[in-house]
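Input: a single structure, listed below in C-alpha cells.
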Amino acid sequence: MKQRINSAEDVTYRVGPLINLAPVIESLGFDPAPIFKKEGFNLEDFNNPDHWLPYIPSSRLLARCFKETGCDQIGFLIGQRATPSHLGLVGFLVRAAPTVEHALKGLVEFIDLHDHAGSIELNVGPDYSTLSFTLHLPGVQAVDQISDVSAVMLCKIMQGFCRPDWVASSVKLVRKEPRHHEVYRRYFRTTIFYDSTTTAISFSNHCLLSKPPSADELLYDFLKKKAEYQHHIQH
C-alpha cells in the first residue's frame, strides 16, 4: 500500500490484531458498536485484518474503549487473542525464516508493511538481545494499550520460534503499573519494568541460532521477494 501523508492524521496501519478489539469489548460486557460510533468507526472497519485504517483516530478509539469500559488492560487482552499471522505478510515471512535471527531481522526490515507509525529494532549484546517496538508518531493516544499489544505479540513471536513455554529475560512496558498487575506477572512470568520509554523484551542470544519449527527456506525466499516488492510499491 502506497501512502500519501499530508499530516500525522493520515498515517495508517493494518487492522491486524485489532480485529480482536470488538470481541474483547464484548467479553467485558459492553456493546462495542456505540463506542466505535462515537469515534467515527463501524464494527465492519475491523472485520478484515488486511484493512488499513488511520493510526491516530484508531488510538482515540482505544482510549475511548478504556474510558467506556474502565478496563486498563484492553491492549493486553487484544494481544492474548492475537497470533503472529495477524501481522500479515511480515508475520508469514518470519515464521518461515531459517533461524530466529533471520526472522527477527526480517521483522525489523518489513514491519512497515503492517505499521507505518512505529518501528522494531533488534539489539544484540554480548549475552542478551533486546527486541523493541517504538512509536514515532506524535499525537497518539492510548500508548499504554498499544504497548501492551506489542509486548504480547513480540513474546508470542518468540514462543513460536522457540517453544510454547519460552519466557523473556525481562519485559519493558510503556505504561504505569496496572491495577491488576498480577495478571501481567502471570502471563509474562518474568521481571516487568513499567514506565519505559519503549516496549521491549530481552532474551538470551542462544535463541538467535534456533531453527523455528515452521522454517522453510524456499517459502522464506518467496515471501521475502514479495515483501521486497511491497516495499518497492510503497516507496
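The values are calculated or read from the model by the stated rules, or taken from the named source; none is laboratory data. On a predicted model such as this, the values are computed, not experimentally measured, just so you know. Here Cβ is always computed from backbone atoms with ideal geometry, including for glycine, and neighbour counts include all displayed protein chains. We work out accessible area using only protein heavy atoms, side chains counted, and drop any ligands, DNA or RNA first. Shrake-Rupley method; radii C 1.70, N 1.55, O 1.52, S 1.80 Å.
Here are PRO57, PRO34: which of them is within 21 Å of the chain's Cα centre (by Cα) and farther than 18 Å from SER147 by Cβ?
Details: PRO34 fails: within 21 Å of the chain's Cα centre (by Cα).
Within the list PRO57, PRO34, the selection yields PRO57.
Select from region 155-199 the residues that are of a type in the set (Phe, Trp, Tyr), surrounded by 15 or more Cβ atoms within 10 Å (Cβ to Cβ) and closer than 21 Å to GLU121 by Cα and list them in ascending order.
Taking region 155-199 first, the residues of a type in the set (Phe, Trp, Tyr) are 161, 166, 184, 187-188, 193-194.
From the residues that got through so far, the ones that are surrounded by 15 or more Cβ atoms within 10 Å (Cβ to Cβ) too are 161, 166, 184, 187-188, 194.
The answer is PHE161, TRP166, PHE188, TYR194.
Can you name the residue in region 94-147 that is open to solvent by 60 Å² or more (accessible area, probe 1.4 Å) and part of a loop (DSSP other than H, G, I, E, B) and, of all such residues, is farthest from VAL171 (Cα to Cα)?
Here the answer is PRO138.
Return yes or no: is ILE192 hydrophobic (A, V, I, L, M, F, W, C) and touching a His at 6+ places or on another chain (Cβ under 9 Å)?
Values: hydrophobic (A, V, I, L, M, F, W, C): yes; touching a His at 6+ places or on another chain (Cβ under 9 Å): yes.
It is true that ILE192 is hydrophobic (A, V, I, L, M, F, W, C) and touching a His at 6+ places or on another chain (Cβ under 9 Å).
Just one of the numbered conditions (1) in a helix (DSSP H, G or I); (2) crowded, with 19+ Cβ neighbours inside 10 Å is not true of ASP45; which one?
Here ASP45 meets the rest and fails (2).
Across region 69-83, which residue is farthest from LYS38 (Cα to Cα) among those that are open to solvent by 10 Å² or more (accessible area, probe 1.4 Å) and in contact with a Lys or Arg (Cβ under 8 Å, 6 or more places away or on another chain)?
THR83
Looking for something touching a Leu at 6+ places or on another chain (Cβ under 7 Å) and open to solvent by 10 Å² or more (accessible area, probe 1.4 Å) - is there at least one such residue anywhere in region 13-29?
Going residue by residue through region 13-29, those that are touching a Leu at 6+ places or on another chain (Cβ under 7 Å) are 13, 15-16, 22, 24.
Now restrict to residues that are open to solvent by 10 Å² or more (accessible area, probe 1.4 Å): 13, 22.
Yes, the conditions are met somewhere in region 13-29.
Restricting to region 84-93, count the residues that are open to solvent by 20 Å² or more (accessible area, probe 1.4 Å) and either under 15 Å from CYS155 (Cβ atoms) or touching a Pro at 6+ places or on another chain (Cβ under 6 Å) (or both). Step through it out loud before you land on a result.
Of the residues in region 84-93, the ones open to solvent by 20 Å² or more (accessible area, probe 1.4 Å) are 84-86, 89, 92.
If we keep only those that are either under 15 Å from CYS155 (Cβ atoms) or touching a Pro at 6+ places or on another chain (Cβ under 6 Å) (or both) too, we end up with 84, 86.
Of the residues in that region, 2 qualify.
Could you list, in sequence order, the residues of region 226-235 that are open to solvent by less than 30 Å² (accessible area, probe 1.4 Å) and either modelled with pLDDT of 95 or more or not in a helix (DSSP H, G or I) (or both)?
First, the residues of region 226-235 that are open to solvent by less than 30 Å² (accessible area, probe 1.4 Å): 227, 234.
Matches in region 226-235: ALA227 only.
Could you list all residues from region 48-92 that are of a type in the set (Asp, Glu) and not in a loop (DSSP other than H, G, I, E, B)? Spell out how you get there, then give the answer.
To start, the set of residues in region 48-92 that are of a type in the set (Asp, Glu) comprises 50, 68, 72.
Result: GLU68, single match.
Only one residue in SER202, SER119, SER210 is touching a helix residue (DSSP H, G or I) at 6+ places or on another chain (Cβ under 6 Å), over 16 Å from PHE76 (Cα atoms) and not aromatic (Phe, Trp, Tyr), so which one is that? Break it down stepwise before answering.
Numbers: SER202 fails: touching a helix residue (DSSP H, G or I) at 6+ places or on another chain (Cβ under 6 Å); SER119 fails: touching a helix residue (DSSP H, G or I) at 6+ places or on another chain (Cβ under 6 Å).
Of the residues listed, the single one that is touching a helix residue (DSSP H, G or I) at 6+ places or on another chain (Cβ under 6 Å), over 16 Å from PHE76 (Cα atoms) and not aromatic (Phe, Trp, Tyr) is SER210.
Please verify whether region 154-164 includes one or more residues that are among the small types (Gly, Ala, Ser) and either within 15 Å of GLY79 (Cα to Cα) or in a helix (DSSP H, G or I) (or both). Walk me through it before giving the result.
If we filter region 154-164 for residues that are among the small types (Gly, Ala, Ser), which is where we start, we get 160.
Add one more test, that the residue is either within 15 Å of GLY79 (Cα to Cα) or in a helix (DSSP H, G or I) (or both), and what stays is 160.
Yes, region 154-164 contains at least one residue that is among the small types (Gly, Ala, Ser) and either within 15 Å of GLY79 (Cα to Cα) or in a helix (DSSP H, G or I) (or both).
Starting from region 64-83, take each residue that is touching a residue at least 24 places away in the same chain (Cβ under 8 Å) and list its partners that are open to solvent by 30 Å² or more (accessible area, probe 1.4 Å) and small (Gly, Ala, Ser), counting only C-beta distances under 8 angstrom and pairs at least six apart or across chains.
Matching pairs, first to second residue: LEU77/SER27.
Looking at region 200-225, which of its residues are surrounded by 15 or more Cβ atoms within 10 Å (Cβ to Cβ) and part of a helix (DSSP H, G or I)? Walk me through how you get there before you give the answer.
Taking region 200-225 and keeping what is surrounded by 15 or more Cβ atoms within 10 Å (Cβ to Cβ), we get 200-203, 207-208, 210, 212, 214-215, 219-220, 223-224.
Within region 200-225, CYS207, LEU208, LEU219, TYR220, LEU223, LYS224 qualify.
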